[in-house]
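**Student:** Sharing a structure below in structure tokens format, with a few things to ask.
The values are calculated or read from the model by the stated rules, or taken from the named source; none is laboratory data. Remember, it's a predicted structure, so these values are computed and weren't measured experimentally. Every residue, glycine as well, gets a Cβ built from its backbone with ideal geometry; the counts of neighbours run over all protein chains shown. Protein only, heavy atoms only, side chains kept; ligands, DNA and RNA dropped before computing areas. Shrake-Rupley method; radii C 1.70, N 1.55, O 1.52, S 1.80 Å.
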Amino acid sequence: MNTRDMRRFFLGIILPSILAIVLFITSFYIFYLPSLERNIMDGKKKMISELTNSVGSIISDYASQAAEGIMSDEEAREEAAEKVGRIRYGDDDLDYFWIIDMTPVMIMHPYRPDLVGQDLSDYRDPQGKTLFVESVETVRKEGEGFIDYYWQWKDDSLTIVPKLSYVKGIPEWNWIVGTGIYLEDVKEEITLAERNLLRISLLIVVVVALMLLYIIRQSMKMESGRRDAEKSLVLSRQKYKTLVESSTIGTIMVADDRVIYVNQKFLDISGFTRQRIEEEGIEKLFNLTPREITGSVTENGRSSAVEAVLKSSAGDIDIILSVSRVDYNNDHSYIIIVNELTGREVAEKEREALEDDLRLYLVMINQPVSNLMKTVPVCDMDTPAERAAVMLRDSGEDILVILYHGGATGVVTAGDINERVVAAGKGGGYPVSSIMTSPVVSVTGDTPVYEAIALCQSKDISGLAVKDDNGRYAGMVTMERLLIARHHLLTDLSGEIAMAIRVEDLKEIYLRSTAIVKVLVELCAAPAIITRLISSVSDRISCRVAEFAVERLGPPPAAYCLIVMGSQGRQEQTLLTDQDNGIIIENAESAGDDVLAYFRRLGKMISDDLHKVGYQYCSGDVMASNPEWVLPLDEWTKLFSGWIENSDPNSVLDTNIFFDFRGICGDITLADRLREHVTSKTRDRAVFLFHMSQEILRFKPPVNIFGHIVGEKDGSEGTLIDIKKLMLQLTGFGRLYSLKSGIGETNTPKRFSLIRDNGVLPGNITDPVQEAYSILSGLRLRIQAESITSGEEPSNSVAIGSLTEIESNTLRKIISLISDLSVRVSLDFKGTVS
């Protein structure tokens, strides 16, 4: 090692080490030891103050007993003094407590009984301090505190030492209780701690000195080796630069997180000069830190792939970085090969990103609105406006809900009161029912967040009332709270549907929603969630298509409601679906030829535009384009009454899907009124229900005498079984018992829950049916998603040979369950009034 290197070594390593040792020793004596002494003394003072407070509590307890008459005052004082006099603490159990009064007169002292009963006003310690008078003054001024003086060593009256005591007043008896620590004890403890720390410090200094000597010796060896390595490193790097230059793929060489070489191919791809790349580094090239690119490769010969975006001069380019590590002469570098993504690879990357996004937000978007519900003040219809204003002010909320028969019927804000009462010159006793905004849009607590957001957007409202299971008001959910899930893809779809201006826009959204559903199926999301999402998108698209039609035809001449039936009506649509819809028109008297002509044109436009979006025409022509299903409300009620009251087996089977109708846009109350009529008519209607039950009873299980699934038709993959037909049996079962018991719900899983909760059927029947329905839904969705992925039309059938053993066994159990349900139906529906 030459003189220059020695000097650098001394200044860089030896001198800082020596200074660190000196600084350590200096700080030890200047800062740490004084701090240690203070901490020990503070700890002792805290100990005697806490002990004195505890003994004070004992005395106060005796004083309380005397005050309550449990014992006489004299007995209480004697017992208290005796009990405190027996208390000892400390390592040798010789530390004690003493008691005086405010005179001061000694009440109790375990080691100086000669002082008991004496007036201590003139009593002084060897330094002349009137310690007991000072105790009285401290208590009189502060109630408690510390005093220092000289006193005998515990029970040794011949040895006088410094002492620090803590005294506390007992106001009930004008007593003072005290105890203290001998400062000699504290000094010994501090001295012992200082000695131990000094030994440790010396040991640290010795260890550091030995380490310093070792470092000097090793550094001299390393310096010699470094010079040899530098020569080899230059040769090795030159070798790898040659390899990089000869590569026909864009390649970069990185060492010490710096770009040390790039080949011509990468220069062509990036459009940058070699100098610019080496100056700016890989972080600006790929928008990734060097550690993010090379951190996953820790061994020579290993490689890893990293997705990145190349910030080229022509724009962003999606790429894959293949990173390899090369070791040479105790050093290493990284060779990074840049591969541009093909169109297929980009699509796959987007699909994976979509999966990640859905995994992250699936729970948030499908959580019930009840989780986001807030409590706002409520009042009844007759509440005066003046009282409503006070309720709003006291609650700090900006909205008040008006209830009628337990349900939310209107809302009032502070602005309403100012504008409609104060500004209008009306008195404070004016009822809120006269100034409220009504009606209030309500949803059930289990409504998903994404549906609530879409509803707020379509109605242009800032919040929704939430109903409990009994239809009573439970709380409010605001758009502000709902927007915590606003950025989810499916919620965005609802917003995009509302903003669409052409049918072509809706078609693009429909195709994108199908891609999202495929990913959800692959992620094994709950089938009920997926089918409800599909149906929700269909509802939004249908309503937007209806708005397009109204824009072209002009304002409707009467109120109307677009209804959907079948799987959309049950909110159970899959990837293979068609249209089942109709229109209800208000007021039969005014529904003349011109009105009917308008709505028939409207229905035709709706059906045709839905077909353009991607929803196939109904093979049975149950669509709004068919004038037969565009009727005034009273005609719809007559139609359903005819099916119910004059039913025959064939007509009932042909009209099953109509009983699953649901209003989705327009005046929804028209659909609600029709549902009330149907529910009241079908309840316990024996003959009608008997005819409807025949659909279930006519089903023949697709199994042979050995219990094997035989299927119904042969396909290219072998014998097929139609999953939809199995599901229709369970759907029919739920519909049948719902109509029998007056349940207006159309969703099959919810029907089963209500059938169980209302005591129509026990849970040991409905729960297995619900589980079977969920399993079949999941299998059907998976079949359809796989077909679309393979470039085929979605199907409801699956090849029996493609089923796993578990799936085959599960299907056999479900078919057996359907057979058991048929027996139950045959017993419950005999066509006679019980």
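**Student:** Using the Kirkwood formula on the Cα atoms of the stretch 470-579, what hydrodynamic radius do you get, in angstrom to one decimal? Don't jump to the answer; show the numbers that get you there.
**Tutor:** Working: mean 1/r = 0.0632 Å⁻¹.
15.8 Å is the Kirkwood radius here.
**Student:** Does anyone have the angle between helix 763-789 and the longest principal axis of the chain? Alpha-carbon axes, 0 to 90°, nearest 10?
**Tutor:** The angle comes out near 80 degrees.
**Student:** Per residue, what accessible area does the chain have, given a 1.4 Å probe and all protein chains present, in Å²?
**Tutor:** Numbers: 42320 Å² over 834 residues.
I get 51 Å² per residue for this part.
**Student:** Taking the chain as the reference, fit the longest principal axis to its C-alpha atoms, fit the long axis of helix 343-366 to the helix C-alpha atoms, and give the angle between the two in degrees, 0 to 90, nearest 10.
**Tutor:** 70
**Student:** List the pairs from Lys507/Lys612; Lys163/Lys187; Lys638/Lys681; Lys374/Lys467; Lys83/Lys163; Lys604/Lys725 whose alpha-carbon separation is above 18 Å, in the order I gave them.
**Tutor:** Working: Lys507/Lys612 7 Å; Lys163/Lys187 12 Å; Lys638/Lys681 11 Å; Lys374/Lys467 12 Å; Lys83/Lys163 24 Å; Lys604/Lys725 30 Å.
Table pairs above 18 Å Cα-Cα are Lys83/Lys163; Lys604/Lys725.
**Student:** Quick one: grab Rg to one decimal and Dmax as a whole number for the chain, Cα atoms only, in Å.
**Tutor:** 44.3, 126
**Student:** To the nearest 20 debye, what charge dipole does the chain have about its Cα centre, counting +1 at the Cβ of each Lys and Arg and -1 at the Cβ of each Asp and Glu?
**Tutor:** Working: 89 positive and 120 negative charges, 511 e Å.
Computed charge dipole of the chain: roughly 2460 debye.
**Student:** Next up: Any idea what Rg and Dmax come out to for the stretch 714-791 if you just take the C-alpha atoms, in Å?
**Tutor:** 15.3, 47
**Student:** Let me ask something else about it. By average Cβ neighbour count within 10 Å, what is the ranking of 20-26, 277-283, 132-138 from highest down?
**Tutor:** Values: 20-26: 12.6, 277-283: 15.9, 132-138: 20.1.
Packing proxy ranking, top to bottom: 132-138, 277-283, 20-26.
**Student:** Here's another thing I want to ask about it. From the residues Phe24, Tyr89, Pro126, which one has its Cα farthest along the dipole of the stretch 20-173 in the positive direction, the dipole being from +1 and -1 charges on Cβ of Lys/Arg and Asp/Glu about the Cα centre?
**Tutor:** Farthest along the dipole direction, towards plus: Phe24.
**Student:** Write out the GluC sites (Glu not before Pro) in the stretch 414-485 meeting two conditions: DSSP loop, and at most 16 other Cβ atoms within 10 Å of their Cβ. List each step's numbers first, then the result.
**Tutor:** On the way: sites: Glu419, Glu451, Glu480; in loops: none.
For GluC sites (Glu not before Pro) across the stretch 414-485 that sit outside H, G, I, E and B with at most 16 neighbouring Cβ atoms in 10 Å, the list is empty.
**Student:** What is the Cα coordinate range of the stretch 39-94 on the first, second and third principal axes, sorted by size from largest, in whole angstrom?
**Tutor:** Largest first, the stretch 39-94 extends 45, 20, 10 Å along its Cα principal axes.
**Student:** Got a number for carbon plus sulfur as a percent of the chain's accessible area, 1.4 Å probe?
**Tutor:** Numbers: 22100 of 42320 Å².
Taking all protein chains in place, the chain shows 52 percent carbon and sulfur surface.
**Student:** Apply 1/(1 + (r/R0)^6) to the Cβ-Cβ distance of Arg782 and Ser641, taking R0 = 41 Å, and write down the FRET efficiency to the nearest 0.05. Numbers along the way, then the final one.
**Tutor:** Details: r = 42 Å, r/R0 = 1.01.
Efficiency at R0 = 41 Å is approximately 0.50.
**Student:** Binning every alpha carbon pair distance of the stretch 368-456 at 10 Å from zero, what are the percents per bin?
**Tutor:** Whole-percent P(r) values from 0 Å outward: 17, 45, 28, 10, 1.
**Student:** In nm, what is the difference between 0.36 nm times the number of residues separating Thr669 and Glu79 and their Cα-Cα distance?
**Tutor:** Values: separation 590, 0.36 × 590 = 212.40 nm, distance 8.40 nm.
Separation in residues times 0.36 nm, less the Cα-Cα distance, equals 204.0 nm.
**Student:** Let me ask something else. Would you mind calculating the gained length between Val441 and Asp148 on full extension (0.36 nm times residue separation, minus the Cα-Cα distance), in nm to one decimal?
**Tutor:** Values: separation 293, 0.36 × 293 = 105.48 nm, distance 7.76 nm.
Net length gain for the segment: 97.7 nm.
**Student:** Then there is this: Averaging the inverse of every distinct alpha carbon separation and then flipping it gives the Kirkwood radius. What is it for the stretch 648-736, in angstrom units?
**Tutor:** Details: mean 1/r = 0.0636 Å⁻¹.
Hydrodynamic radius (Kirkwood, Cα pairs) of the stretch 648-736 is 15.7 Å.
**Student:** Calculate the tail of P(r) for the stretch 34-164: the fraction of all Cα-Cα distances greater than 18 Å, expressed in %.
**Tutor:** On the way: 5271 of 8515 pairs.
Tail fraction, whole percent: 62.
**Student:** Using packing as a proxy for protection, rank 116-122, 426-432 so that the peptide with the highest average count of other Cβ atoms within 10 Å comes first. Don't skip to the end; give the middle numbers.
**Tutor:** Numbers: 116-122: 13.3, 426-432: 15.6.
Result, highest mean Cβ count within 10 Å first: 426-432, 116-122.
**Student:** What ranking, highest mean first, results for peptides 764-770, 603-609, 458-464 when packing means the other Cβ atoms within 10 Å averaged over each residue? Before the final figure, lay out each step's value.
**Tutor:** Details: 764-770: 17.6, 603-609: 20.3, 458-464: 15.6.
Ranking, from highest mean packing down: 603-609, 764-770, 458-464.
**Student:** Determine the gain in length on full extension of the stretch Ser816-His611; use 0.36 nm per residue of separation and subtract their C-alpha separation, reporting nm with one decimal. Spell out each step's value before the answer.
**Tutor:** Values: separation 205, 0.36 × 205 = 73.80 nm, distance 3.85 nm.
Result for the pair: 70.0 nm of gain on full extension.
**Student:** I would also like to ask the following. If you wrap a convex hull around the alpha carbons of the stretch 700-834, what volume per residue comes out, as a whole number of Å³?
**Tutor:** Numbers: hull volume 17.2 nm³, N = 135.
About 127 Å³ per residue, rounded to a whole number.
**Student:** I would also like to ask the following. Going from the alpha-carbon gyration tensor of the stretch 634-691, what semi-axes, largest first and in whole Å, does one get by taking the root of 5 times each eigenvalue?
**Tutor:** Working: eigenvalues 91, 26, 18 Å².
For the stretch 634-691, the ellipsoid semi-axes come out as 21, 11, 10 Å.
**Student:** Going by a 4.7 Å Cβ-Cβ cut-off, which cysteines of the chain have no partner at all?
**Tutor:** Here Cys379, Cys456, Cys524, Cys561, Cys618 come out as lacking a disulfide-compatible partner, given the Cβ-Cβ threshold of under 4.7 Å.
**Student:** Label the stretch 598-658 by shape, choosing from rounded, prolate and oblate, from the square roots a ≥ b ≥ c of the eigenvalues of the Cα gyration tensor; if a/c is under 1.5 it is rounded, and otherwise prolate applies when a/b is larger than b/c, oblate when it is not. Write down the numbers at each step before the final one.
**Tutor:** Details: a/c = 3.93, a/b = 1.63, b/c = 2.41.
Judged from the Cα gyration tensor, the stretch 598-658 comes out oblate (a/c at least 1.5, b/c at or above a/b).
**Student:** Tell me what the chain gives for mean residue ellipticity at 222 nm when only DSSP H runs of n ≥ 4 count, each as -39,500 (n - 2.57), the sum divided by the residue total, rounded to 500 deg cm²/dmol.
**Tutor:** On the way: 28 runs with 431 residues, N = 834.
Taken over the chain, the calculation gives -17000 deg cm²/dmol.
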